[in-house]
Each structure stands twice: as C-alpha cells, then as structure tokens.
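See below for the structure under consideration.
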Amino acid sequence: MSDDDLDVLALLHDPVRRSLYEAVAGRGGEVGRAEAAEAAGVSRTLAGHHLDRLVEAGLLESGFRAPERKGPGSGRPAKVYRRAAGELSVSLPPREYATLGAVLAEVVEELGAEERAEAAARRAGERLGRRGAPPAGPTPSDGDPAEAVLRERGYEPYAEDGRLRMRNCPFHALAMEQPLLVCSMNLALCQGLLAGLGDDPDRARLDPRPGECCVTLSKTNGD
C-alpha cells in the first residue's frame, strides 16, 4: 500500500463522491452524468465535477456514448462513466496475502491436489454459511440469506433473468493467474455456503461472463 492509494481512497470519504461512485459501480456498465446525478441526488454539473475527479484518481474510467440519432441535429456524444478495471487494497501495516495465495495455488497445481482444494473450499463455504444463517423462525419472503452473505463478502450480487449474478470476483487477481483452479474452488465455496445455510448447493453453477464472477446462483431452488 502506498500513500497514493490512501489519497485515492480518501476521495471516497466525501459523501457525494461516494454516492456517485456507488451509483456507477452498482450499474456494472456505462452510466451517464444525468443518471449518476439523479442516483446521488445532486445537480448534473456537480456530478460531472466529482465524476471527473474520480476518473483522475483512477477509480472510474470515462468514455463517450454515441447519440441514438445520426446525422445533423443529433447532438454531441454523451460522456459516460464505468468502474475502473484496476483494484486498490489498504492494509495497515501492509500485507501481501495475494502473493502467498498465488504461491499456494501454484503448489496445488504442481501436486495435482485440485480435488482436495475444492473440498477445502467447500468446507470453508459451509462455515461461512453456518455463521451467516438467519436465526430460527420464519424467513422473510423477499430475503435470500445467500445473497446477503455474498454481498458481505464482496461479490456484489444482482438479479438477472431469474439468476443471481455477481459483478465482482473477490479472487480476481488469483483467477487471472490460475483461472481453472480458482474458479472451481470459488464454485465449491459457493456450494458450501449454500449447504451451510441449509439451502440447495446445486443452485450454484459456473456461468462465466467477462468482467464478472464466474459463479451464478438460481434465484430459487429448481430454477
């Protein structure tokens, strides 16, 4: 972690900038100034100023969306924003968990211990599920305990076409180096999480999409 990283993350201490960042990141795609301003409850001009500051800091990326109409009178391309592809991590004092994780992933591959790694991931998921299970009694009809736990773990779940997708892969850096191993362990972790919650592990399956987590969940059992 560098002082520059701290300076960048300090920008999000401002409530307006944080709201704008969350509005853009939560969409998982391109967001215009007007859309972001409405979500944050501020003027378009103020939103543009703060959005550009977030771009300068590397938290967002910007581009232009061509107008729907073509030809004379169609107007200029609209400026749009999306979450930056890079990632920041803050730890005091500095830690290097990602480096050790990469080493362990390489050892697993060299030993051919993928099945044992998946089993360990499934057990870890079950522990997370047991800790995140709702108290005994009726569960609210609109609540999904698995979605709540996944949100707490940084997966950023969202509903689409009857499934629960995740915009963020918490293991992105390792997945880029060891995609087969990390994705299979991630699937086992999510299946274990469901089992620990008393849910159906088969709700989780691999359904990779560029820029998102490789695992998706059916919204209800049997979907």
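The values are calculated or read from the model by the stated rules, or taken from the named source; none is laboratory data. Since the model is a prediction, treat every value here as computed from it, not as a measurement. Cβ placement follows ideal geometry from the backbone for every residue including glycine, while neighbour counts extend to all protein chains displayed. Note: accessible area is taken over every heavy atom of the protein model, side chains too, but ligands, DNA and RNA are not part of it. Shrake-Rupley method; radii C 1.70, N 1.55, O 1.52, S 1.80 Å.
Only residues that are open to solvent by 70 Å² or more (accessible area, probe 1.4 Å), aliphatic (A, V, I, L, M) and over 22 Å from residue 115 (Cβ atoms) were counted across the stretch 175-223, and they come to 1.
Only one entry of 61, 30 meets the criterion of being at pLDDT 80 or above, touching a helix residue (DSSP H, G or I) at 6+ places or on another chain (Cβ under 8 Å) and of a type in the set (D, E, K, R), and that entry is 61.
When residues in the stretch 52-62 are screened for being within 13 Å of residue 12 (Cβ to Cβ) and out of contact with any Gly (no Cβ under 8 Å at 6 or more places or on another chain), 5 of them pass. Here is a list: 47, 25, 39, 10. Which entry is farther than 25 Å from residue 211 by Cα and buried (at least 17 other Cβ atoms within 10 Å of the Cβ)? On inspection, the qualifying residue turns out to be 47. Which one is nearest to residue 27 (Cα to Cα) among residues in the stretch 142-172 that are aliphatic (A, V, I, L, M) and crowded, with 16+ Cβ neighbours inside 10 Å? Once the filter is applied, the top-ranked residue is 166. Answer yes or no: is there a residue in the stretch 40-55 that is part of a loop (DSSP other than H, G, I, E, B) and either modelled with pLDDT of 95 or more or at negative phi (or both). Looking through the stretch 40-55, at least one residue is part of a loop (DSSP other than H, G, I, E, B) and either modelled with pLDDT of 95 or more or at negative phi (or both). Mind checking whether some residue in the stretch 134-153 is modelled with pLDDT under 95, under 17 Å from the mean Cα position of the chain (by Cα) and not in a helix (DSSP H, G or I)? Scanning the stretch 134-153, I find at least one residue that is modelled with pLDDT under 95, under 17 Å from the mean Cα position of the chain (by Cα) and not in a helix (DSSP H, G or I), so the answer is yes.
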